[in-house]
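Inspection log for the structure reproduced underneath, given as structure tokens.
Values in this text are rule-based calculations from the coordinates and carry no lab data. It should be emphasised that the depicted structure is a prediction, and the values quoted were computed from it without experimental measurement. Positions of Cβ are backbone-derived with ideal geometry, glycine not excepted, and every protein chain shown enters the neighbour counts.
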Amino acid sequence: MNDTHPEVSKRFQEMLMKRTNEERLKMGCSMHETARRLVLASILEKNPKATPSDLRKALFLRFYGHEFGVEGKKKILQIL
């Protein structure tokens, strides 16, 4: 769904492209870290006793689980 007016979207794109590559990379890293913290908080809210291994597995499944089949996920989860 995209409910942003095309002119606003165009202006945002122009503003974003005026930033340096470094600034855009930092923005992306910051957004990823924010998303990671939100997901961790959600996981811990549901399971306050989650171990570090539990957290790694849950993060993997939330961020990347949809990209793997059942067997692929099993193999990766064994490593985490």
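The helices (runs of 4 or more DSSP H) found wholly in region 4-80 and carrying at least 2 residues that are among the aromatic types (F, W, Y) occupy 52-64.
Is it fair to say A41 is among the small types (G, A, S) and surrounded by 11 or more Cβ atoms within 10 Å (Cβ to Cβ)? No: the conditions fail for A41. Only one of the listed residues (M17, M31, M1) is farther than 17 Å from F60 by Cβ, of a type in the set (A, V, I, L, M) and in contact with a helix residue (DSSP H, G or I) (Cβ under 9 Å, 6 or more places away or on another chain). That residue is M17. With respect to the conditions (1) of a type outside the set (S, T, Y); (2) surrounded by fewer than 10 Cβ atoms within 10 Å (Cβ to Cβ); (3) within 30 Å of Q13 (Cα to Cα), E33 lacks only one, and its number is (2).
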